[in-house]
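Every number in this text was worked out from the coordinates using simple rules, so none of it is lab data. Bear in mind that the values here come from a model prediction, so they are computed numbers and not experimental data. When we count neighbours, we look across all protein chains shown, and the Cβ atoms used for this are built from the backbone with ideal geometry, even at glycine.
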Amino acid sequence: MKALIQRVKHASVTIEKNLYSEIGKGLLVFLGVEKTDTRQNAEKLAQKIVNLRIFEDENEKMNYSLLDVKGEILIVSQFTLCGDCKKGTRPSFDKSAPPDMAVDLYEYFIKCVNSCGLHSKTGKFRAMMDVELINDGPVTFYIEK
């Protein structure tokens, strides 16, 4: 399971020109699910993300987590994170989970995040989405579990 995490001042998802969801200060998480991923991967990744100390304290040190700052979280399914670009010029998606498996783990990941005391916002699985964000910093991390 792969996640691209961006600390944001604002982020939103629009589908077919309609605002689907939005958040203020918090994290935008693009989530990729691979064939070998399990619920245990989702649990570990959710715990890692909500507790990752990437928000600044009064001394401008990254000491606070999303939970500490009572931030919001927007989770967007992003199967292209599982694309392999090592060979040639066209990405291979052989490692990507099939849609039925991916949606199950995506939804389970959301439940894991919510069980930490957050109420996540989401994109729509398999939809064409316009994602807008104001990256705070910029601060961006890539995590695999």
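Brief remarks on what is shown
- With N counted as the residues of the stretch 8-138, its alpha-carbon radius of gyration over 2.2 N^0.38 Å works out to 1.10.
- Neighbour count of at most 16 Cβ within 10 Å plus DSSP loop: longest GluC sites (Glu not before Pro)-free window in the chain: 61-145
- Within the chain, longest stretch free of exposed chymotrypsin sites (Phe, Trp or Tyr not before Pro) [DSSP loop, at most 15 other beta carbons within 10 Å]: 1-92
- For Ala97, residues with placed amide H under 5 Å, excluding near neighbours: Val33, Glu34, Lys35
- Radius 14 Å from Cβ of Val76, net charge of other residues (Lys, Arg +1; Asp, Glu -1): -1
- Angle in degrees between helix 39-51 and the longest Cα principal axis of the chain, rounded to the nearest 10: 30
- Qualifying lysines (Cα of each under 28 Å from Cα of Lys121; at least 8 residues distant if same chain): Lys2, Lys9, Lys17, Lys25, Lys35, Lys44, Lys48, Lys61, Lys70, Lys95, Lys111, Lys145
- Using a cutoff of 8 angstrom between alpha carbon atoms and counting only pairs six or more residues apart, the relative contact order for the stretch 58-145 works out to 33 percent.
- Note, ³J(HN,Hα) from phi for the stretch 115-129, Karplus 6.51, -1.76, 1.60, rounded to Hz, x at Gly and Pro: 5, 7, x, 9, 10, 7, 9, 9, x, 10, 4, 6, 8, 7, 10
- Modelled FRET efficiency - R0 25 Å, Gln40 with Leu67, Cβ distances, 0.05 increments: 0.75
- For the stretch 1-40, the Kirkwood estimate of hydrodynamic radius, built from reciprocal distances between every pair of different alpha carbons, is 11.9 Å.
- Stretched out straight at 0.36 nm per residue, the stretch from Met101 to Asn135 would grow longer than its current Cα-Cα span by 9.2 nm.
- About the Cα centre, charge dipole magnitude for the stretch 2-144 (Lys/Arg +1, Asp/Glu -1 at Cβ), debye: 300
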